[in-house]
Amino acid sequence: MLGTIVNCLTIIAGSLVGILFRNGIPEKYNQTIMQAIGLAVILVGMKSALGCNDLLIIIISLATGSLIGEWIGIENYLEGLGKYLETKFSKTSSSFSAGFVTASLMYCVGSMAIVGSLESGLTGNHATLFAKATLDGIVSIILSSSLGIGVLFSVVPVLLYQGSITLMAGLIKPLLIPAVISQMSAIGGLLIVAIGLNMIREKKLRVGNMLPAIFIPLIYFLIKSGLTTGI
């Protein structure tokens with residue numbers, strides 16, 4: 001859990017710095033910086049997405065996962081949680097929900113969150129999560145300076161999400177073959193691209209409802225292995 005804890009601490013620190021300087025940064029600079037970060041996020045996502053050649057399973061996973069996420073209404077739950085926290089802790093900030101949802105998705109979705117948490121749980125190697133923590137800390141300064149205190153509360157889903165993966169990693173160790181990790185990372189990369197697009201355009205993609213797609217390759221592998229062994 002060390003890697004995840006450090007990740008959360010950098011998000012908190014970065015958010016506090018961003019909030020501290022929020023009034024001192026003109027809005028036009030915030031907007032330009034956010035768009036620039038959005039482009040960088042797209043680049044990070046593309047690099048992860050291009051690391052896998054199993055296009056068919058990626059397409060099927062995105063379609064199936066999106067249907068599941070839409071049925072569950074994941075994005076609505078995230079927005080609802082953000083609005084609930086807004087009424088409790090930030091009655092003067094109209095952008096609380098946007099900050100909470102944007103930061104939560106950005107920090108939780110992608111190859112670094114998945115692979116880093118798995119490495120942390122399986123081998124005790126926290127290097128990937130430490131690198132992610134550095135990036136998240138920098139991004140949290142930018143996000144919180146424009147979107148406010150909602151970014152700080154994104155540490156809750158980060159702790160739950162990455163912590164759960166780390167703790168469960170030992171149980172699913174036999175299932176984590178390189179092909180499955182590659183597919184999950186590629187899908188996470190595409191979702192990161194979607195988040196980057198949401199940062200630079202007005203019409204938003206419902207990325208939250210696409211989250212289940214990341215885990216479809218693992219489910220597919222389980223089913224395929226079961227059929228092969230005759231279970």
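The values are calculated or read from the model by the stated rules, or taken from the named source; none is laboratory data. All of these numbers come straight from a predicted model, not from anything done at the bench. For neighbour counting, all protein chains shown are included, and Cβ atoms are generated from backbone atoms with ideal geometry for every residue, glycine included. For accessibility, only protein heavy atoms count, side chains too; no ligands or nucleic acids. Shrake-Rupley method; radii C 1.70, N 1.55, O 1.52, S 1.80 Å.
Can you flag which of K28/K204; K47/K132; K132/K224; K83/K132; K47/K83 are past 24 Å Cα-Cα?
K132/K224; K83/K132; K47/K83
In Å, the Kirkwood hydrodynamic radius of the stretch 136-199 over pairs of distinct alpha carbons?
14.1 Å
Pick out the long, greasy-scoring helices in the chain: whole DSSP H runs spanning 30 Å or more along their own axis by Cα, mean Kyte-Doolittle at least 0.5.
27-49, 178-200
Give me the extension gain from L160 to I33: residue separation times 0.36 nm, minus the current Cα-Cα distance, reported in nm with one decimal.
Using 0.36 nm per residue and subtracting the Cα-Cα distance, I get 42.8 nm.
Send over a whole-number figure in Å² for the accessible area per residue of the chain, probe 1.4 Å.
Heavy-atom accessible area per residue stands at 51 Å².
Let me test this: with uniform point scatterers at the alpha carbons of the stretch 157-231, what is the Debye-based log₁₀ I(q)/I(0) at q = 0.18, 0.19 1/Å?
Results for the stretch 157-231 at q = 0.18, 0.19 Å⁻¹ read -0.86, -0.92.
Please work out how much length the chain gains when fully extended from E70 to A127, using 0.36 nm per residue of separation minus the C-alpha to C-alpha distance, in nm with one decimal.
17.1 nm
Once neighbouring chains are kept in place and the probe is 1.4 Å, which whole percent of the accessible area of the stretch 6-82 is contributed by carbon and sulfur?
72 percent
Would you mind working out the magnitude of the charge dipole of the chain relative to its Cα centre, with +1 at each Lys and Arg C-beta and -1 at each Asp and Glu C-beta, to the nearest 20 Debye?
Charge dipole of the chain: 180 debye, to the nearest 20.
Report the dimensions of the stretch 93-221 along its three principal axes from the alpha-carbon atoms, largest first, rounded to Å.
Rounded to whole Å, the extents work out to 46, 28, 19 Å.
Seen from all sides and averaged, what is the projected area of the convex hull of the Cα atoms in the chain, in nm²?
12.6 nm²
Note down the net charge around V158, summing +1 for each Lys or Arg and -1 for each Asp or Glu among other residues with Cβ under 12 Å from its Cβ.
Charge balance near V158 sits at 0.
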